[in-house]
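All remarks here apply to the structure that follows.
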Amino acid sequence: ESKCLYVISQMAFRIGGDNPNSKVKAYGASTLLGSHVKIDGDKVTFDFIGKKGVRQQHGTTDPIIRDIVKGKAGKDVPLFETNANKVRLKWKEFGGTKVHDFRSVIATNVAQKVMKSIPAPKNDKEFKKAVLQVAEHAAKKLGNRPAESYATYIDHQIFDEWKRGVK
């Protein structure tokens, strides 16, 4: 469970679980298979179908993640011998509330980095364009749509300084 949580904390993956009402078989961190993972030197690549049938393709050079997955990468076996409920319980043992909160923290961090790299907007039109650009980067990291990243994951307080500067 701890290893699964580490992967979630670094990759912003959803926790996973079985949804019998889903139209497609979707995966999250707790349900990933070794066949969803490829190791090429220092690079670890995850490629799987996530929520709503959205293909998730994410890579990392994190040596801890590489060590976690190396024995099962490329194999048709569960990556973790656990399930979503056990992972949630482990997170509560660590003092966490919702595993889902990792995604919000990561999306907000990505958004803040993007904000530092682009000029502050000067008017409403520029503000909307800049917020969309920020949300697009967060969405890419989370593997969802920009509107979802903005509405659900990015802490809107990070835009306060921009709002004050908009005329």
**Request:** Give the range 134-146 a look and list any residue that's part of a helix (DSSP H, G or I) and open to solvent by less than 70 Å² (accessible area, probe 1.4 Å), or say none.
**Result:** 134, 135, 138, 139, 141, 142, 146
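Table: residues versus (1) assigned to a helix (DSSP H, G or I); (2) on the phi > 0 side of the Ramachandran plot; (3) among the β-branched types (Val, Ile, Thr); (4) open to solvent by 30 Å² or more (accessible area, probe 1.4 Å).
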site: 115; (1), (2), (3), (4): yes, no, no, no
site: 128; (1), (2), (3), (4): yes, no, no, yes
site: 131; (1), (2), (3), (4): yes, no, yes, no
site: 152; (1), (2), (3), (4): yes, no, yes, yes
site: 161; (1), (2), (3), (4): yes, no, no, yes
**Where a residue in the range 65-76 is on the phi > 0 side of the Ramachandran plot and its partner, wherever it lies, is modelled with pLDDT of 95 or more and of a type in the set (Val, Ile, Thr), with Cβ under 9 Å and at least six apart** = 74/37; 74/39
**Message:** Anything in the range 10-39 that is under 12 Å from residue 102 (Cα atoms) and either at pLDDT below 95 or crowded, with 17+ Cβ neighbours inside 10 Å (or both)? List them, or say none.
**Reply:** 11, 12, 13, 14, 15
**Asked** Just checking, how many residues over the range 117-126 are open to solvent by less than 70 Å² (accessible area, probe 1.4 Å) and either free of Cβ contacts under 8 Å to residues at least 24 places away in the same chain or closer than 27 Å to residue 1 by Cα (or both)?
**Response** 1
**Asked** Just checking, how many residues over the range 14-63 are outside any loop (DSSP other than H, G, I, E, B) and within 17 Å of the chain's Cα centre (by Cα)?
**Response** 20
**Message:** Looking for something among the small types (Gly, Ala, Ser) and over 26 Å from residue 80 (Cα atoms) - is there at least one such residue anywhere in the range 90-109?
**Reply:** no
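Please enumerate the residues belonging to the range 84-105 that are among the hydroxyl-bearing types (Ser, Thr, Tyr) and exposed (fewer than 13 other Cβ atoms within 10 Å of the Cβ). Quick ask: steps written out before the conclusion?
Going through the range 84-105, the residues among the hydroxyl-bearing types (Ser, Thr, Tyr) turn out to be 97, 104.
97, the sole residue that qualifies.
Within the range 73-83, work out how many residues are open to solvent by 30 Å² or more (accessible area, probe 1.4 Å) and either among the hydrophobic types (A, V, I, L, M, F, W, C) or closer than 16 Å to residue 28 by Cβ (or both). Reasoning before the result, please.
Our first condition is that a residue be open to solvent by 30 Å² or more (accessible area, probe 1.4 Å); within the range 73-83, this holds for 74-78, 81, 83.
Cutting the leftovers down to either among the hydrophobic types (A, V, I, L, M, F, W, C) or closer than 16 Å to residue 28 by Cβ (or both) gives us 77-78, 81, 83.
Qualifying residue count for the region: 4.
The values are calculated or read from the model by the stated rules, or taken from the named source; none is laboratory data. Note that the coordinates shown come from a computational prediction; the quantities given were computed from them, not determined experimentally. Every residue, glycine among them, receives a Cβ derived from its backbone with ideal geometry; neighbour counts consider all protein chains shown. Heads up: the accessible areas ignore ligands, DNA and RNA and are worked out on the full protein's heavy atoms, side chains in. Shrake-Rupley method; radii C 1.70, N 1.55, O 1.52, S 1.80 Å.
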